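Input: a single structure, listed below in structure tokens.
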Amino acid sequence: MITIEEVAGKAGWREFEAVADLVYHGDPYRLPDESMDLRRVLIAPPPSVAATRITQAFLARENGIVVGRVVAIHDLSFTEYTGESIGFFGFYEAVDDHEVATGLLDAAAAWVSGRGLATMSGPFGPSMFYSAGIVVDDAPALPLVGMPHNPLYYAAHFEKWGLVGIKDFYSYLFDDPCVIFNRPEYARHIQIFEKVKARSEVTIRSMKYRTLRRDARVVRDLYNKTFVNFWGFSPLSFVELYELLKMMLPVLDRRLTLMAELDGKPVGFLMGIPDVNQAAAKAAHLKSRLLRDLVTLWHVKRSGRTDVIDGVRVDMLFVDPDCPDKAVSSLLILEMSVRMRDLGFTRVEAAPVLDDSPWMKGSILTRMDQSPHRTYRIFNRELSDFGSQPA
């Protein structure tokens with residue numbers, strides 16, 4: 001018999017985290033620890049963040065054994081900004097049992113509906129800014145740092161319950177960080193770029209750790225201005241971005257965290273994240289979590305690390321739409337390419353990419369014969385028919 005209960009207390013949260021051990025047992029691409037600090041993001045976020053996001057976590061039990069989990073989310077800032085009656089679900093993990101999936105999603109939908117919201121979308125962890133969607137392609141692979149990893153049956157769980165895919169996004173993999181420099185077919189693009197670069201007054205610097213708080217405000221402002229018309233957008237607070245950057249700080253390489261400035265004013269940002277999951281996979285056999293973390297960070301920080309970490313995930317391209325120099329995004333991308341090459345990386349993956357986004361329409365990706373490497377999907381269901389899902 002399947003029972004659903006609300007998560008309460010430290011013991012409940014320990015069981016919540018432990019669900020992954022059951023779900024991913026035997027998965028060769030599973031990493032032993034959560035991909036994010038659940039305490040700082042979900043369990044006990046900063047007060048200013050907690051005031052704008054209400055959550056309720058649920059566990060599923062079968063004969064007393066925990067077999068699944070989910071979190072229902074009401075993002076108050078999203079509701080206030082968009083006026084849309086949408087609640088969210090996230091942090092979903094479950095064994096392959098339709099009764100378990102139904103119980104969890106029923107609980108999340110009832111909670112969302114009980115807050116007066118008409119639609120439920122997800123999975124989000126806990127918002128679009130952190131992690132969104134599930135992997136739906138059938139090629140097993142080590143998860144890309146900061147991106148979802150899940151059993152392929154999750155899509156069937158969602159669809160059988162009544163959720164419908166509403167948005168796909170992708171990663172694009174290149175086995176040469178300087179592919180646009182090295183392929184003859186892009187020689188003309190490079191010639192044009194060199195002329196544009198010679199005329200441009202844009203300068204590019206690395207983000208400074210000693211001024212992280214100030215730079216976080218700059219990035220927050222650029223994000224909110226750049227993505228205002230993107231699907232799923234709501235304004236990002238300084239505290240939330242600052243907490244995320246602090247959480248990522250141990251694995252960031254400041255040489256790949258770039259700020260573009262024009263006349264001393266920030267106009268663009270691009271971040272490359274060394275694929276720390278490759279290092280984590282090397283340490284996965286160790287029993288102690290502390291030891292796993294130390295070995296992972298040793299690989300991340302040591303010289304010559306590209307024998308283990310050969311890839312970079314490129315993310316967070318923000319360009320001020322009012323900037324008069326329209327070459328900022330190209331300048332950032334090509335500077336990032338050169339730096340990745342000089343640091344010895346041989347693989348780059350751009351993610352997440354929405355194919356219908358304004359950035360994608362102007363991206364070099366639209367002019368390359370390149371298929372998505374991975375596909376991620378977000379689902380949605382109107383709750384007016386909640387309770388009448390197929391058996």
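Going through ALA351, ALA279 one at a time, which residue ends up being outside any loop (DSSP other than H, G, I, E, B) and either modelled with pLDDT under 90 or touching a Gly at 6+ places or on another chain (Cβ under 8 Å) (or both)?
Details: ALA279 fails: either modelled with pLDDT under 90 or touching a Gly at 6+ places or on another chain (Cβ under 8 Å) (or both).
Result: ALA351 is the single residue among ALA351, ALA279 that is outside any loop (DSSP other than H, G, I, E, B) and either modelled with pLDDT under 90 or touching a Gly at 6+ places or on another chain (Cβ under 8 Å) (or both).
Let me confirm something: among ARG255, ARG220, which residue is of a type in the set (D, E, K, R), modelled with pLDDT of 90 or more and buried (at least 16 other Cβ atoms within 10 Å of the Cβ)?
On the way: ARG255 fails: buried (at least 16 other Cβ atoms within 10 Å of the Cβ).
ARG220 is the lone residue from the list that is of a type in the set (D, E, K, R), modelled with pLDDT of 90 or more and buried (at least 16 other Cβ atoms within 10 Å of the Cβ).
So HIS157 passes all but one of these: (1) surrounded by 14 or more Cβ atoms within 10 Å (Cβ to Cβ); (2) not in a helix (DSSP H, G or I). Which condition number does it fail?
(2) is the only condition that HIS157 fails.
In the list TRP161, TRP231, which residue meets the criterion of being among the aromatic types (Phe, Trp, Tyr) and over 21 Å from the mean Cα position of the chain (by Cα)?
Working: TRP231 fails: over 21 Å from the mean Cα position of the chain (by Cα).
From the options TRP161, TRP231, the qualifying one is TRP161.
Looking only at residues that are touching a strand residue (DSSP E or B) at 6+ places or on another chain (Cβ under 9 Å) and assigned to a helix (DSSP H, G or I) in segment 31-56, which one is surrounded by the fewest Cβ atoms within 10 Å (Cβ to Cβ)?
Step by step, filter segment 31-56, then rank; the result is ILE43.
Can you pull out every residue in segment 110-138 that is open to solvent by less than 50 Å² (accessible area, probe 1.4 Å) and in a loop (DSSP other than H, G, I, E, B)?
Scanning segment 110-138 gives LEU117, ALA118, PRO123, GLY125, PRO126, SER127, PHE129, TYR130, SER131, GLY133, VAL136, ASP137.
Quick check, is GLU261 at pLDDT 85 or above and in a strand (DSSP E or B)? Quick ask: steps written out before the conclusion?
Working: at pLDDT 85 or above: yes; in a strand (DSSP E or B): yes.
The answer is yes for GLU261.
Do you know which of the residues in segment 86-116 that are under 11 Å from ARG69 (Cα atoms) and of a type outside the set (A, V, I, L, M, F, W, C) is farthest from the chain's Cα centre (by Cα)? Let's see the steps before the verdict.
As a first pass, look at segment 86-116 and keep what is under 11 Å from ARG69 (Cα atoms): 89-95, 100-101, 103-105, 107-108.
Those left that are additionally of a type outside the set (A, V, I, L, M, F, W, C): 90, 92-93, 103.
On the way: GLY90: 13, TYR92: 15, GLU93: 17, GLY103: 26 Å.
My answer is GLY103.
Per-residue answers, yes or no, for (1) farther than 27 Å from PHE227 by Cβ; (2) modelled with pLDDT of 95 or more; (3) open to solvent by 30 Å² or more (accessible area, probe 1.4 Å):
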residue	(1), (2), (3)
ALA8	yes, no, yes
GLY26	yes, no, yes
ALA60	yes, yes, no
GLY68	yes, yes, no
ILE73	no, yes, no
ALA108	no, yes, no
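Conditions: (1) among the β-branched types (Val, Ile, Thr); (2) free of Cβ contacts under 8 Å to residues at least 40 places away in the same chain; (3) exposed (fewer than 13 other Cβ atoms within 10 Å of the Cβ). THR3 meets all but one. Number of the miss?
Only one criterion in (1) among the β-branched types (Val, Ile, Thr); (2) free of Cβ contacts under 8 Å to residues at least 40 places away in the same chain; (3) exposed (fewer than 13 other Cβ atoms within 10 Å of the Cβ) is unmet by THR3, namely (2).
Return the only residue of PHE238, PHE269 being among the hydrophobic types (A, V, I, L, M, F, W, C), within 19 Å of the chain's Cα centre (by Cα) and either at positive phi or surrounded by fewer than 19 Cβ atoms within 10 Å (Cβ to Cβ) (or both).
Details: PHE269 fails: either at positive phi or surrounded by fewer than 19 Cβ atoms within 10 Å (Cβ to Cβ) (or both).
Result of the check over PHE238, PHE269: PHE238.
Taking interchain pairs and intrachain pairs at least six residues apart, which have beta carbon atoms under 9 angstrom, with the first residue in segment 222-238 and among the charged types (D, E, K, R) and the second crowded, with 18+ Cβ neighbours inside 10 Å?
Filtered contacts from segment 222-238: LYS225/PHE318; LYS225/ASP320.
For every residue, the table says whether it meets (1) at pLDDT 90 or above; (2) in contact with a Cys (Cβ under 9 Å, 6 or more places away or on another chain); (3) open to solvent by less than 50 Å² (accessible area, probe 1.4 Å); (4) farther than 30 Å from GLN191 by Cβ.
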position: SER303; (1), (2), (3), (4): no, no, no, yes
position: ASP307; (1), (2), (3), (4): no, no, no, yes
position: CYS323; (1), (2), (3), (4): yes, no, yes, no
position: ALA327; (1), (2), (3), (4): no, no, yes, no
position: VAL338; (1), (2), (3), (4): no, yes, yes, no
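The values are calculated or read from the model by the stated rules, or taken from the named source; none is laboratory data. Because the structure is predicted, anything quoted here is derived from the model rather than measured. Backbone-built Cβ (ideal geometry, glycine too); neighbour counts: all protein chains shown. With ligands, DNA and RNA removed, areas are computed over all heavy atoms of the protein, side chains included. Shrake-Rupley method; radii C 1.70, N 1.55, O 1.52, S 1.80 Å.
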